[in-house]
1. Which members of the range B:134-154 meet the condition of being assigned to a helix (DSSP H, G or I) and over 21 Å from residue B:205 (Cα atoms)?
2. Among the residues of the range B:1-36, write down those that are assigned to a helix (DSSP H, G or I), of a type outside the set (A, V, I, L, M, F, W, C) and touching a residue at least 40 places away in the same chain (Cβ under 8 Å).
3. Give the range B:55-106 a look and list any residue that's small (Gly, Ala, Ser) and touching a residue at least 40 places away in the same chain (Cβ under 8 Å), or say none.
4. Look through the range B:169-205, keep the residues that are surrounded by fewer than 17 Cβ atoms within 10 Å (Cβ to Cβ) and of a type in the set (A, V, I, L, M), and return whichever of them is farthest from the other protein chains (Cβ to nearest Cβ).
5. Name every residue in the range A:328-376 that is among the charged types (D, E, K, R), within 14 Å of chain B (Cβ to nearest Cβ) and closer than 19 Å to residue A:489 by Cα, in order of residue number.
6. For the range A:7-64, which helices (runs of 4 or more DSSP H) that fit wholly inside it have 1 or more residues that are modelled with pLDDT under 80 and among the small types (Gly, Ala, Ser)?
7. Checking the structure you have, find out if any residue of the range B:42-53 is touching a Gly at 6+ places or on another chain (Cβ under 7 Å) and touching a residue at least 40 places away in the same chain (Cβ under 8 Å).
8. Return the pairs, sorted by first residue and then second, in which the second residue is hydrophobic (A, V, I, L, M, F, W, C) and part of a helix (DSSP H, G or I), the first residue lies in the range A:366-394 and is free of Cβ contacts under 8 Å to residues at least 60 places away in the same chain, the beta carbons are less than 8 Å apart, and the residues are 6+ apart or on different chains.
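The values are calculated or read from the model by the stated rules, or taken from the named source; none is laboratory data. Please read these numbers as outputs of a predicted model, since none were measured by experiment. FYI the Cβ positions are ideal-geometry reconstructions off the backbone, even for glycines, and counts take in every protein chain you see.
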Amino acid sequence: MAEYVQLQPEPGKTLSDQLFGLGIEFPCGGCTACGGCRIRLVSGAIPITEGMRDALSDEELAAGWRLACQAETDGPVSLDIEQWSARILTDESRVAVEPSEGFGAVIDLGTTTLVVELVDLATGSVLGVLPGLNPQGRYGSDVMSRIEFDLREPGVLTSLIRRTIGAMLAELVRGRKLREVLICGNTVMHHLFCGESVEPLSHVPFRPSASGARCFTGEELGWPGQTHSAAVTFLPCAGGFVGSDLLAGLIACGMHQSESPIALMDLGTNGEIAFGGREGILCTSTAAGPAFEGGRIRMGMRAGDGAIDRVEQDGSGLVCHVIGGDAPRGICGSGLVDAAAVSLTTGSLAATGRLSNGAKSLPLAGPVALTQSDIRELQLAKGAVAAGLELLRQEAAIHSSQVASLHLAGAFGNYVRVDSARRIGLLPRWDTPVHPIGNSAVRGTRTLLLSPSRRQSLLDGLLRITRHVELAASPEFQEAFVENMTFPSPPEPSRG
Amino acid sequence: MADLAQLREAIINGNAKAAAAVVNTAIAEGTQPMALIHDYMIPAMDEVGRRFECEEYFVPELLLSARAMKAALEPLRPLLASSGIQPAGKVLIGTVKGDLHDIGKNLVSSLLEGGGFEVIDLGSDVSPGKFIEAAQSTGADIIALSALLTVTMPSMKYTIEALKEAGLRERVKVIIGGAPVTQQYADQIGADGYSENATLAVALARRLMSGTRQATA
């Protein structure tokens, strides 16, 4: 997978501007704090700045790593772009169809990634899929930094995302006439796409300004010709920051029809959790941070070529699996969880999260190692998620033994190993089967697209039984969060 | 005989019960409160801070130690008050308006208490008005503002502006902290200090107090 670019200097533009123009994300908004816009110099020169020195180690600098957000050059350069090797989860599984004529589209508008699907409304077949990165990413990687940017420069993010989706649709449609488009996404994505004010989401009590479904025509959105007459609907939000992507996930895993309680966890930057069954559903979001996507991890990267995605114990040593099979360049979320789980078992990591014997880092393979702060980031992320699920369970007053199944949505949930996730306490040690269900947001939204007559009642029913719980406000959450930051002790050996 | 070395260990290990027990025994034996605090408790918290700095300790350990410190201080409070011993300074602390995160704020609050400060915790989502009211009624030396969201950081600025308008800015020092906060931001909004983490906040508060004392001397 190519992620290699060659650039010539352009008058009046810094290299950073050029890279930005190419769509490289500056996750922290360009203040060098995160190191998330790493690029590797293959040839040419990019002077090392103070900010790069803070964010990167001497070895990394020597190996040619720089930060795109501060890159300048006066000659031609060729670069490896680390961000461009993302693995984006699409979904093409079949759902029930109520046939109608023409073509429709389903869009999963995520904070980081974007999936656009073209669907034949007569058969329900997926005719084409375009995955991409959300172009808003260059203005910050999490929803809060997007909100902050929109408050500073209103409208920029709205027109950017509308334009991008319009172009992606045009590419998929190729002359066919688009009748209907359904979009799902979290509350911030909803507000930014629909042009609603995000100001109420920037402070306590974080109430959306307009969380209902919003309808447009392709023409109103400024989309290309063949999409002009399409009826475009952004599905309604569930409450707080929890959006229609989670509602769609509930449909995909059948929570609204389930007799016994089940759980759904979408472990992205905003960990979204739902818990319940047809009698009632509780949902919440926890700020897990970007660790599961490799963010804020020294050698973290998305699950792309060169990422360690699996770590296993082999005698006294470790065996690391690298995506693409080449030399390891970094580690992604599932590799991080594995590495921590294995290290807890071998004793090189203590339950407190401290690397044993005062070690400064945990070597994995080649240049890739985990630092003590990487483990701390993981502790924060998994602590938030575990505390979120536990509090929803308590709020619902359901005993863990009653929970019939636990569904994991999203890319990370699809690749993380359940045993490792349990070992580090990211997933509870319930006797509950765990099912990775892939991109449930796309599947659930496609189900809605393909059942036009039932759509409204399905959504109304879901919204009626779903209640959003604001965790940040609860002292119990803060308590549970800290408690869940440590790693659980090893499981009792099973008897018999 | 109270085993005072055990008091130090209990605080470092976050054992609140053991810490309070040693203090109670020591009080019954007539040990001077200030000797306990200065020779054992503050050095113990300094050690906890050191371990946090070098990443040996993390938030859970820090919180447990802070709780142990609090438990050890509890029985000493009435003695300190009756003997007229002054705290290192009076700090008003709160998470600013719009923000509910209070783990970091609680940590700083406990560590400041451990460092000998009198701390008045206003909780979270605290409006500039509430800070002003409390500053007037308590005569605080320092106001510590916490924010965990980039979008609530401006509340720090508004609080400082409100203090100016109320004519209180010259009387109090303002220190700020929280994940998105930087020294640069502190300079920009005219705060007196910024601390990267909870343990450094205690050192910062001490430094500001010695500055105040010199200035008024």
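1. Result: B:150, B:151, B:152, B:154.
2. B:17, B:24, B:33
3. Hits for the range B:55-106 are B:65, B:66, B:68, B:71, B:72, B:83, B:88, B:89, B:94, B:98, B:104.
4. Checked the range B:169-205; the qualifying residue farthest from the other protein chains (Cβ to nearest Cβ) is B:203.
5. Hits for the range A:328-376 are A:354, A:376.
6. Ranges flagged: A:15-21.
7. Within the range B:42-53 (the criterion being touching a Gly at 6+ places or on another chain (Cβ under 7 Å) and touching a residue at least 40 places away in the same chain (Cβ under 8 Å)), the answer is yes, since at least one residue qualifies.
8. Sorted first by the residue in the range A:366-394, then by its partner, the pairs are A:375/A:340.
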